[in-house]
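Novice: The structure follows.
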Amino acid sequence: MRVAGSTTAERGARQQESSGPPPARRFRPPRLRTIIILAVALVLAAGGTVWVLYGSNWTRLEDVSVSGTRVLTPAQVREAADVPVGDPLVSVDTAAVEARLRRKLPRIDEVAVERSWPHGIGLKVTERTPVLMVQKGRKFVEVDDEGVRFATVSKAPKGVPTLELELARSGSAAASLRRFDDDRLVREAVRVAGRIPGKVARDTRLVKVRSYDDISLELSGGRTVSWGSGERSAGKARALTALMKATPDARHFDVSVPTAPASSGS
């Protein structure tokens, strides 16, 4: 009987041991064969990507589209851009294309060169807008709102005033000229042109600059405006609007001191 009892106890102990938590499994590093297979797969994938981008015809540049032109033609923009059609699209140097456009076509103010996968390049241009023009013989030089002289045309742009530099060479005006060169005076005239009230701007035929603080406007019907410098131009514009409304038959308006505007003639 003791033998039987002893056997039963031993069995119970063995059952308790077997019902405990399973022993922890040892970490087995990946086999060398698995590592090699993964490495080969990565190399093949990278090589395939490179081939698709550079070696296949699937991503070759075939089309160059142009948008945003007004005076320029799409053909002019494409010719100046000189985009390498037929090359892999990924290899096109977009910064170089932009630089060529700015250098060859000064009329362009802004340009964006964008890839259009899988076969295209898009050229989005913004052209400069003339706010003044300088007559040069029988041609006209267009000037934008930053004072940049960007194009010479044979026909005057419609609705754009002429800029006339009639610089005085003696007295205080000459001293002003020594301080402000032609380019600075052109920028000052542009600043004035940008502040002329809308209705007056449509009637403005000429912006005349004699010195930094002696800028005047010639309007249709022989009317004139003494503007002074480009400083306080917002106040001068408001004074001019009120003055023209109060004295509609006047021929000359002076807003060089906007707090004391004056008009004369009828």
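Novice: Test residue 106 against the stated conditions and say whether it is closer than 29 Å to residue 187 by Cα, open to solvent by 40 Å² or more (accessible area, probe 1.4 Å) and out of contact with any helix residue (DSSP H, G or I) (no Cβ under 7 Å at 6 or more places or on another chain). Before the answer, list the steps.
Specialist: Numbers: closer than 29 Å to residue 187 by Cα: yes; open to solvent by 40 Å² or more (accessible area, probe 1.4 Å): yes; out of contact with any helix residue (DSSP H, G or I) (no Cβ under 7 Å at 6 or more places or on another chain): yes.
Yes.
Novice: Going by the structure shown, is residue 216 modelled with pLDDT of 95 or more, under 19 Å from residue 143 (Cα atoms) and among the small types (Gly, Ala, Ser)?
Specialist: On the way: modelled with pLDDT of 95 or more: yes; under 19 Å from residue 143 (Cα atoms): yes; among the small types (Gly, Ala, Ser): yes.
Answer is yes for this residue.
Novice: For the subset of segment 114-141 comprising residues that are open to solvent by less than 70 Å² (accessible area, probe 1.4 Å) and free of Cβ contacts under 8 Å to residues at least 24 places away in the same chain, which member is farthest from residue 165 (Cα to Cα)?
Specialist: 128
Novice: Okay, moving on. Name the pairs: first residue in segment 155-168 and open to solvent by less than 40 Å² (accessible area, probe 1.4 Å), second residue part of a loop (DSSP other than H, G, I, E, B), Cβ to Cβ under 6 Å, at least 6 apart or on different chains?
Specialist: As it stands, the answer is 157/130; 160/130, since those pairs meet every condition given.
Novice: Moving to a separate point now. Could you grab me the full set of residues in segment 244-253 that are touching a Ser or Thr at 6+ places or on another chain (Cβ under 6 Å), surrounded by fewer than 20 Cβ atoms within 10 Å (Cβ to Cβ) and not β-branched (Val, Ile, Thr)?
Specialist: Of everything in segment 244-253, those that are touching a Ser or Thr at 6+ places or on another chain (Cβ under 6 Å), surrounded by fewer than 20 Cβ atoms within 10 Å (Cβ to Cβ) and not β-branched (Val, Ile, Thr) turn out to be 249, 250, 252.
Novice: I would also like to ask the following. When segment 213-233 is examined, which residues are found to be without any contact (Cβ under 8 Å) to a residue 24 or more places away in the chain and in a helix (DSSP H, G or I)?
Specialist: 220, 221 - these are the residues of segment 213-233 that are without any contact (Cβ under 8 Å) to a residue 24 or more places away in the chain and in a helix (DSSP H, G or I).
Novice: Right, next: Could you run through segment 251-266 and say how many residues are touching a residue at least 12 places away in the same chain (Cβ under 8 Å), out of contact with any Gly (no Cβ under 6 Å at 6 or more places or on another chain), part of a loop (DSSP other than H, G, I, E, B) and not β-branched (Val, Ile, Thr)?
Specialist: 3
Novice: Test residue 235 against the stated conditions and say whether it is at pLDDT 95 or above and not acidic (Asp, Glu).
Specialist: Yes.
Each row is one residue, and each column tells you yes or no for (1) surrounded by fewer than 20 Cβ atoms within 10 Å (Cβ to Cβ); (2) of a type in the set (A, V, I, L, M); (3) in contact with an Asp or Glu (Cβ under 8 Å, 6 or more places away or on another chain).
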{"residue": "190", "(1), (2), (3)": "no, yes, yes"}
{"residue": "196", "(1), (2), (3)": "no, yes, no"}
{"residue": "200", "(1), (2), (3)": "yes, yes, no"}
{"residue": "208", "(1), (2), (3)": "yes, no, yes"}
{"residue": "218", "(1), (2), (3)": "yes, no, no"}
{"residue": "232", "(1), (2), (3)": "yes, no, no"}
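Novice: Any idea how many residues of segment 66-99 are surrounded by fewer than 17 Cβ atoms within 10 Å (Cβ to Cβ), small (Gly, Ala, Ser), in contact (Cβ under 8 Å) with a residue 24 or more places away in the chain and in a helix (DSSP H, G or I)?
Specialist: 1
Novice: With the checklist (1) outside any helix (DSSP H, G or I); (2) modelled with pLDDT of 95 or more; (3) not hydrophobic (A, V, I, L, M, F, W, C) in hand, flag the one item residue 248 doesn't pass.
Specialist: Here residue 248 clears every test but (2).
The values are calculated or read from the model by the stated rules, or taken from the named source; none is laboratory data. Just so it is clear, the structure is predicted and the values come from calculations on it, not from any experiment. So basically every Cβ, Gly included, is an ideal-geometry build from the backbone, and we count neighbours across all protein chains shown. Surface areas here come from the heavy atoms of the whole protein model, side chains and all, with no ligands, DNA or RNA. Shrake-Rupley method; radii C 1.70, N 1.55, O 1.52, S 1.80 Å.
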